[in-house]
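Notes follow the structure.
The values are calculated or read from the model by the stated rules, or taken from the named source; none is laboratory data. Every value quoted in this text rests on a predicted model; they were computed, and no experiment measured them. Cβ placement follows ideal geometry from the backbone for every residue including glycine, while neighbour counts extend to all protein chains displayed. Quick note on the areas: whole protein, heavy atoms, side chains included, nothing else; ligands and nucleic acids left out. Shrake-Rupley method; radii C 1.70, N 1.55, O 1.52, S 1.80 Å.
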Amino acid sequence: MKLTYTPEQEAFRAEVRAWMKANVPKETLASHDTVEGFTPHWEWEKTLAKGQWGMVTWPKEYGGRGCDLIQWLIFEEEYYRAQAPGRVNQNGIFLLGPTLMEFGSPEQKARFLPAMAAGDEIWAQAWSEPQAGSDLAALRSTATRDGDEYVLRGHKIWSSRAVFAHWCFGMFRTDPKSEKHRGISFILVPLNTPGIRVNGIRQIDGEAGFAEIFFEDARVPVANRLGEEGDGWKIAMATAGFERGMMLRSPARFQVTAERLVELYKKVADKLDPGLRSQVAQMWMDAQSFAMSTYMMASRLINGGHIGVEASLTKIFWSEMDVNMHRIALQMLGVRAELLHAAPDAGDIGSWLDGYIFSLAGPIYAGTNEIQRNIIAERLLGLPRG
Amino acid sequence: MDFSFSEEQQMVAQTVRDLLTDQCSSADLRKMMTAGEGLDEARWTKLCEMGLPGIMAPEEAGGLALKDEDFVLVAEECGRAALPEPLVEHAGIAVPMLAALIDNPAVRKVLEAAATGEGRVAVGHPANLFVDAADTAAALLLWHNDEVHLVSVDDVKLVRQPSIDSFRRLFRVEWMPSAKTKVADAAKGKALWALALDRGALYAAAQCLGMGQRIVEIAVAYAKDRTQFGKAIGSYQAIKHHLANCQVKIEYARPAVYAAAATIETPGPEVRALVSNAKLSAVEAADFAARTGVQVHGAMGYSWEVDVHFFLKRALGLAGAWGDRNMHLARVADCVLNSGMPLGPAATFPGGTAHAR
Ligand SMILES: Cc1cc2nc3c(=O)[nH]c(=O)nc-3n(C[C@H](O)[C@H](O)[C@H](O)COP(=O)(O)OP(=O)(O)OC[C@H]3O[C@@H](n4cnc5c(N)ncnc54)[C@H](O)[C@@H]3O)c2cc1C
């Protein structure tokens, strides 16, 4: 064990820090799930790409820097320290990217990865269906082979940012007679294909942050399939591992939240219930534990390990920690907690309310926490299946 | 000792529930929201026809002269419906405050209009920073160095402070206190403001009970209907336990709320601790139910389509109103640790008796 950074890692950190300092927009951007916020976030992706920071872990040929996971964590730490904007292409770079790297053909990698790193193409994930949420294998959308094209039919739902995105990666049944996990293929689809309709769905904040996608005989080349026909489930589970396990919510994000929580506490401590003091301390510990656990996981992966069932542990931990931190912040804000930014007297209440509302989605997306607990109990602990 | 509501009290609550089920449906709320309206005069008139605005006004002012224990179930129903109109604050807080000052002719006049519901009254309590529903009130009861001032809405400037709950219409009120507006001096006012805070907390708690229960009902219905993996999601223990936990919290907030309603006018630390207990546990129950309600619905629960978010947002507002969690926790601790009030098994109810009939 060696819990210090190498001089190279320190140098890397300094480089990221300097670049962020010079380039992160001064003003906070509107949420990337809104009409006003999407474009500036998209521009930011291009700015990142110019600095070659689009996706540091990818090989240089795809627009990355060939960084290892420790460097990635360092990058993320500096990214969040600098309060850089959220990644509007997170479903592309964090989920599809690593999946393409593992399962894509050389042509597919060359076609899609550089465009993703450059911030040119924004991606949406089109997996869930009205009747296939937790039970994703119940999906019914179909891709029927017609020569060298697939004809897509079906109805996807809850697809984040699909109203703005250019492409989606979807799961479709290529074998109409198949059931459950078999006969599903993983297909990349341009959202401007004729026969595709995208309708925004309003979230509880009133913004159309996700969408339903209707496929009505939309045609895409067979070459857009990732992996073999019928291998979609296996590929998707690898993607879900990245989503839950490592990339989607890196620890720096929560360490910054914990730090802000401490700052808020110091500002208003005299008006607070004394019990909050220990809760704030607990949140800092949780954020630290999460960061340490991620470094452990990164070290294991670098040494040849794989993300398995423990991705489910990660997902539960960060999502519940995030809700807790925001609840504590709202308690500190007390009578002002309910105010929107637009309130003339909102003062310095920050973005805790927005953050709280968003945190409530955490235990749902990327596989609900109930399902994650089932997975831990059954696959990690070996309890009998329910 | 009889800790139960009378048949009449329960009947009034049922009538209000029926009225609001009919008049304050999800579709009604959504229509108002889209139109940007904060108040439905037709529904307010229906509430007035039941005599609800003046339920606690004295008979001499045209009221029903009933007590907090008669109104608490009504407030619960208002929470259940996420009622946009300010009935609870008007009838439960403003009217009793006016009634305490009825000897003043100016107050009497406002009270008479308040009792019929013709003239709504809003309350500007210092614990709240802002005044809810000030724009649709005829008059405002305002705090100034513990004095009570009664001010016409025409004589104030209102600055809207948008809340996450668009039906909570909060305003900063700019106004000038004067001898003409003063209706109680600081000595008398101090007691009135203290009682107003307790009533505010009590009725916020009562609304939270109703909201929590409504969320559980919505989530239970969905859990029976929605299937995944070939079974109703409500058949999975994870979902069952979530919803059962909500119900436990609601049922153990309920007695404190009802006991507080029955004893609220009794001075002393026992009732103050009781009111705070009611507010803290009912807000927690509603907040927990709201988060659980979202979770049980999955992504659907995070969408605008499902009603749970109305209650989630109202609970966020009520959590901070009429004394936030910090204030009430500190008050309970102070009562328990420093006041010398009786503790232990013979001290379940303030003064040793429950006033509930
Ligand atoms: C903000 C947000 C963004 C999203 N973005 C995307 C996206 O970009 N692309 C995409 O494809 N999807 C997306 N989703 C959808 C997400 O993947 C699904 O919400 C999730 O898989 C759950 O499915 P469901 O919503 O249908 O809930 P359901 O599966 O209907 O679940 C409802 C409740 O039942 C519980 N439950 C279900 N089965 C069991 C069981 N066996 N045991 C115990 N409990 C169970 C669940 O845990 C949940 O509490 C998003 C969701 C949200 C909230």
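What the table shows:
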quantity	calculated
Whole-number percent relative contact order across segment B:5-158, with pairs defined as alpha carbons under 8 Å at least 6 apart	18
Area of A:TYR265 that stays accessible when all protein chains are in place (1.4 Å probe, Å², to 10)	40
Segment B:181-237-segment B:1-56 distance, computed between alpha-carbon centres (Å)	15
Tilt relative to chain A, helix A:35-50 - C-alpha long axis, 0 to 90 degrees, to 10	90
Rounded tilt (10° steps) of A:310-333 against the dominant C-alpha axis of chain A	40
Equivalent-ellipsoid semi-axes of the protein assembly as shown, from the Cα gyration tensor, Å, largest first	52, 28, 24
Ellipsoid equivalent to chain B - semi-axes via the Cα gyration tensor, in Å	33, 25, 19
Where N is the number of residues in segment A:7-88, Cα Rg divided by 2.2 N^0.38 Å	1.10
GluC sites (Glu not before Pro) restricted to DSSP loop in segment A:253-350 with at most 16 other C-beta within 10 Å	none
Alpha carbon convex hull of segment B:198-355, projected area averaged over orientations, nm²	9.9
For segment A:123-232, alpha-carbon Rg and Dmax in angstrom	13.2, 45
Pairs of Lys in segment B:198-355 closer than 15 Å at Cα, counting only those 8 or more apart or on different chains	4
Coil-residue trypsin sites (Lys or Arg not before Pro) of segment A:1-50, DSSP, other Cβ within 10 Å capped at 11	A:LYS2, A:LYS26
Neighbour net charge for B:GLY200 - beta-carbon separation under 14 angstrom, K R +1, D E -1	0
Backbone HN-Hα couplings from phi across segment B:262-268 [Karplus 6.51/-1.76/1.60, Hz, Gly and Pro as x]	6, 10, 4, 7, 6, x, x
Sequence-distant aspartates and glutamates (8 or more away, or on other chains) whose Cα lies within less than 18 Å of B:LYS109	B:GLU59, B:GLU60, B:GLU118, B:ASP154, B:ASP155
Vicinal HN-Hα couplings computed from phi for segment B:320-326 (Karplus, 6.51 cos²θ - 1.76 cosθ + 1.60; Hz; Gly/Pro x)	x, 6, 6, x, 7, 4, 4
B:MET300, A:MET247, ranked by accessible area, largest first (probe 1.4 Å)	B:MET300, A:MET247
Rounded to the nearest 20 debye, dipole of the protein assembly as shown from Cβ charges on Lys, Arg, Asp, Glu	1680
Distant-in-sequence amide H partners of B:LEU170 (H built 1.01 Å from N, under 5 Å)	B:ALA133, B:GLN161, B:SER163
Highest to lowest packing among A:181-192, B:80-91, scored as the average C-beta count within 10 Å	B:80-91, A:181-192
J(HN,Hα) series, segment A:55-60, from Karplus relation 6.51 cos²θ - 1.76 cosθ + 1.60, nearest Hz, glycine and proline x	8, 4, 7, 7, x, 4
Amide H contacts under 5 Å for A:ARG145, placed H, 5+ residues apart	A:VAL151
5 angstrom amide H check on A:SER185, placed H, neighbours 5+ away	A:PHE172, A:ARG173, A:THR174, A:GLY230, A:GLY232
Sites matching GluC sites (Glu not before Pro) across segment A:1-85 that sit in DSSP coil, with at most 10 neighbouring C-beta atoms within 10 Å	A:GLU27
Charge dipole of the protein assembly as shown about the Cα centre (unit charges at C-beta), most positive-ward option of A:VAL280, B:GLN295, A:LEU313	A:LEU313
